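What follows is one structure encoded as structure tokens, with my remarks underneath.
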Amino acid sequence: MPSTVRQESCDSRRSCHCRPDSAAASVDSMNAQNITVIGLGQMGAALADAFLTAGHRTTVWNRTPGKADALVERGAVRADDVAGAVTASELVVVCVLDYAAVREVLAPVADSLRGRVLVNLTTGSPEQARAEAEWAAEHGIGYLDGAVMTTPPGVGDSANMILYAGGPGLLAEHRAALAVLGDPVDLGEDAGSASLYDAGLLGLMWSVFGGWLHATALTGADGVPARDFTAVATRWLKTVSWFMTGYAEQIDAGEYPGEDATIDVQTAAIGHLLHAAEARGIDNRLPELHLELMRAAVRAGHGGDSYARIIESFRK
Ligand SMILES: NC(=O)c1ccc[n+]([C@@H]2O[C@H](COP(=O)([O-])OP(=O)(O)OC[C@H]3O[C@@H](n4cnc5c(N)ncnc54)[C@H](OP(=O)(O)O)[C@@H]3O)[C@@H](O)[C@H]2O)c1
């Protein structure tokens, strides 16, 4: 996902390991600030590395201390314990396995966190994020819940998004510092929003991966290299995103006029995909699910509507 974004701007798509041309800007010494990163797994280490690269004074702590070594060699300050990590900076970023680990690490130092800003970039559910925001508020801690929409190599590239929720004011205050990780996207006051979007966006990614892999297996059965098919497929995704933008308007309006292509037409078209894949011995469970959803809409009398109507099948 991130390497695709980065490689789009590079001529040498197959072997490129160049720095992204959209790398976030570094700060001058006047704007350098103290920032703490707790959790130095693959993602936490990338976050700390981006702060260091930007010129911030970065304090780090990890349960397994050795994971801080490379960052310390690059200029990070190693905190001996969590309390030392928390008190080193006004802005404290945490990125560990899950919310249970966040609480396990931070509950003993809640008093030290009072008056500071905690940015939680750990993945969790909207419910967990809201509970964490409540816990932070009870302890007088400023709280931003976030979701990193890339893998570690994409951190520090402003083409990639970091979603934030729960504190538009806090985000505005710390936007410059956080922007070195990726483009900050403000999702508003509800602390659960970043996790909600994250869950939905990951679902979208897996669905796209599934459709692309099915199609790549289909075309590959006739000898088309994945690279060749994917070059065309990624252009098609831009058209698909244009369809989605129009269908979003229909969904918000609750009306699905089949002005461009009807479900009836697409029910016929998917038959060709199923046939071609079947003839090549490709597993068809994924398009069969799409066919099932289309047929349900047709049975309910909506064959003349647009594909956006299918959302009603997901809403139980
Ligand atoms: N990797 C990605 O592409 C990616 C993308 C977006 C979001 N994220 C999210 O970022 C978070 C971290 O992922 P990662 O890829 O960095 O995972 P990781 O490499 O497995 O690192 C996990 C981190 O959590 C720490 N940890 C786990 N349980 C702990 C506990 N009970 N107390 C203290 N520390 C604990 C680990 O410490 P030790 O080193 O001591 O084990 C390590 O620092 C996850 O929530 C993940 O969903 C990851």
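If r is the Cβ-Cβ distance from residue 227 to residue 70 and R0 is 25 Å, what FRET efficiency results, to the nearest 0.05? Intermediate results must be reported in sequence, preceding the final value.
On the way: r = 34 Å, r/R0 = 1.34.
Once rounded, the FRET efficiency stands at 0.15.
Given R₀ = 25 Å, FRET efficiency for residue 235-residue 206 by Cβ-Cβ distance, to 0.05? Don't skip to the answer; put the middle values down first.
On the way: r = 21 Å, r/R0 = 0.85.
Efficiency for this residue pair is about 0.70.
How big is the gap, in Å, between the Cα center of the range 71-89 and the Cα center of the range 296-316?
55
How many angstrom lie between the Cα centre of the range 224-279 and the Cα centre of the range 118-189?
Rounded to whole Å, the Cα centres lie 33 Å apart.
What is the percent carbon and sulfur in the accessible area of the chain, measuring with a 1.4 Å probe over the protein chains and ignoring ligands?
Numbers: 9470 of 16930 Å².
Accessible surface attributable to carbon and sulfur in the chain totals 56 percent.
Is the shape of the range 221-314 best called rounded, prolate or oblate, per the rule: a/c under 1.5 gives rounded, else a/b larger than b/c gives prolate, else oblate, with a ≥ b ≥ c the square roots of the Cα gyration tensor eigenvalues?
Details: a/c = 2.69, a/b = 1.44, b/c = 1.86.
Oblate, since a/c reaches 1.5 and b/c is not below a/b.
DSSP H helices in the chain with Cα extent of 20 Å or more along the helix axis and mean Kyte-Doolittle hydropathy at least -0.5? Mind dumping the intermediate values first?
Working: long enough: 193-220 (39 Å, 0.83); 226-253 (39 Å, -0.03); 263-279 (24 Å, 0.69); 285-299 (21 Å, -0.03).
In the chain, the long hydrophobic H runs are 193-220, 226-253, 263-279, 285-299.
Would you look at the GNM of the chain, springs on alpha carbons closer than 10 Å, and say which of 265, 77, 86 moves the most?
Per the Cα network of the chain with a 10 Å cutoff, 265 tops the list.
Using only the Cα atoms of the chain, each taken as one equal point scatterer with no solvent, compute I(q) by the Debye sum, divide by I(0), and report log10 of the ratio at q = 0.15, 0.16 Å⁻¹.
-1.16, -1.24
Could you do me a favour and compute the accessible area per residue for the chain, 1.4 Å probe, result in Å²? Please report the intermediate quantities before stating the final value.
Details: 16930 Å² over 316 residues.
Ligands and nucleic acids excluded, the figure is 54 Å² per residue.
When only Cα pairs under 8 Å and 6 or more residues apart are kept, what is the percent relative contact order across the chain? Each step should come with its number before you reach the end.
On the way: 493 pairs, mean separation 40.1, N = 316.
Answer for the chain is 13 percent.
Computed FRET efficiency, Cβ-Cβ of residue 252 and residue 176, R0 45 Å: what is it to the nearest 0.05? Don't jump to the answer; show the numbers that get you there.
Working: r = 34 Å, r/R0 = 0.75.
Computed FRET efficiency for residue 252 and residue 176 comes out at 0.85.
To the nearest 500 deg cm²/dmol, what mean residue ellipticity at 222 nm is calculated for the chain from DSSP H runs of n ≥ 4 alone, each contributing -39,500 (n - 2.57), summed and divided by the residues? Intermediate values should be presented prior to the final figure.
Details: 13 runs with 158 residues, N = 316.
Calculated from helices alone, the mean residue ellipticity at 222 nm is -15500 deg cm²/dmol.
The values are calculated or read from the model by the stated rules, or taken from the named source; none is laboratory data. Keep in mind that this is a model prediction, so the values were computed, not measured. Counting neighbours? That spans all protein chains shown, and the Cβs are built from the backbone with ideal geometry, glycine included. Only protein heavy atoms, including side chains, enter the accessible area calculation; ligands, DNA and RNA are left aside. Shrake-Rupley method; radii C 1.70, N 1.55, O 1.52, S 1.80 Å.
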